[in-house]
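Peer 1: The structure is given below, and queries will be raised subsequently.
The values are calculated or read from the model by the stated rules, or taken from the named source; none is laboratory data. These numbers come from a predicted model, not from an experiment. Note that each Cβ is placed from the backbone with ideal geometry, even for glycine, and that neighbours are counted across all protein chains shown. Just so you know, the surface numbers come from the protein's heavy atoms only, side chains and all, with ligands and any DNA or RNA stripped out. Shrake-Rupley method; radii C 1.70, N 1.55, O 1.52, S 1.80 Å.
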Amino acid sequence: RMPVQDIYKFTQFGDARRIVTGSISSGKLSVGDQVIFYPSGKISYVKSFEAFAAESPESLISGSAAGFTLTKQIYIKRGEIACKVEEPAPQVSKRIRVSMVWLGLNPMIPQKQYHLKLGSAKVRCQIESIDKIIDASDYSTENKDRIEHHDVAQCILRLHSPLAFDLSETLSDT
């Protein structure tokens, strides 16, 4: 897994490279690996790794900062998750169930739009439903129509565009 941090395109001196960058969250990526980007589903092969003032490696492992080119130029954007084709796909959805602590000074309310940031992805969202509010001091629950400052809440968020993610018990980084 590698959340896409940015895509650099060079045009000076006839350089047509598009370099996909990010940090590898899990696994190993090698030149020649077939990769798929989620949620778009676009596929290409790793053509080369790019390194500044160093020899380009043939493969990189989890924890490495990566910059690589693709054999087929495809349009992908920041926030997509790159995976090897043969690996299990991440979840992709416009609705997610979350457990969260609200740190905003103003209450989080269902009618308002918010931004959800996961890794390098950022999507607009709204509360679809609040399942319960948990009192952290005694673990009791209550039903409320809003999430107040420092509330621990379990709720469902409706996203305005699909988001790729892994379940926290599978891979917490993504």
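Peer 1: Taking the alpha-carbon centroid of each part, what is the distance from segment 125-174 to segment 27-68 in angstrom?
Peer 2: 34 Å
Peer 1: Further, regarding this structure: Residue-wise, which Karplus ³J(HN,Hα) couplings in Hz belong to segment 10-15, taking 6.51 cos²θ - 1.76 cosθ + 1.60, θ = phi - 60°, and x for glycine or proline?
Peer 2: 10, 10, 5, 6, x, 7
Peer 1: At most 13 other C-beta atoms within 10 Å and a DSSP loop state: those are the exposed trypsin sites (Lys or Arg not before Pro) I care about. Give me the longest piece of the chain that has none.
Peer 2: 1-71
Peer 1: While we're on this one: Could you compute the longest span of the chain free of chymotrypsin sites (Phe, Trp or Tyr not before Pro) located in DSSP loops and having at most 15 other Cβ atoms within 10 Å, not counting the site residues?
Peer 2: With chymotrypsin sites (Phe, Trp or Tyr not before Pro) excluded where exposed in loops, the chain gives 76-138 as its longest stretch.
Peer 1: What GluC sites (Glu not before Pro) in segment 1-83 are in a loop by DSSP, with at most 14 other Cβ atoms within 10 Å of the Cβ?
Peer 2: On the way: sites: E50, E55, E58, E80; in loops: E50, E55, E58, E80.
Hits after loop and neighbour filter: E55, E58.
Peer 1: On the accessible surface of segment 94-174, probed at 1.4 Å, how many percent belong to carbon and sulfur atoms? The partial results should precede the final answer.
Peer 2: Numbers: 2510 of 5140 Å².
On segment 94-174, the fraction of accessible area on carbon and sulfur atoms equals 49 percent.
Peer 1: Okay, next question. For segment 60-169, what's the radius of gyration and Dmax over Cα atoms, in angstrom?
Peer 2: For segment 60-169, the Cα radius of gyration and maximum Cα-Cα distance read 17.4, 56 Å.
Peer 1: Tell me, what HN-Hα J-couplings in whole Hz come from the Karplus equation 6.51 cos²θ - 1.76 cosθ + 1.60 at θ = phi - 60° for each residue of segment 41-51, using x for Gly and Pro?
Peer 2: Those phi angles translate into x, 6, 10, 7, 10, 6, 8, 7, 9, 10, 9 Hz.
Peer 1: Among the listed pairs K28/K94; K28/K77; K84/K112; K9/K112; K47/K117; K112/K144, which have their C-alpha atoms separated by more than 27 angstrom in this model?
Peer 2: On the way: K28/K94 29 Å; K28/K77 22 Å; K84/K112 37 Å; K9/K112 36 Å; K47/K117 30 Å; K112/K144 16 Å.
Flagged as over cut-off: K28/K94; K84/K112; K9/K112; K47/K117.
Peer 1: Taking only protein heavy atoms into account and a 1.4 Å probe, give the accessible area per residue of segment 1-96 in Å². Intermediate values should be presented prior to the final figure.
Peer 2: Numbers: 5490 Å² over 96 residues.
Solvent-accessible surface per residue comes out at 57 Å².
Peer 1: Now for a different question. So what is the relative contact order for the chain, in percent, with contacts set as C-alpha pairs under 8 Å and at least six apart? Kindly include the intermediate steps, with their values, before the conclusion.
Peer 2: Working: 410 pairs, mean separation 37.7, N = 174.
Relative CO of the chain lands at 22 percent.
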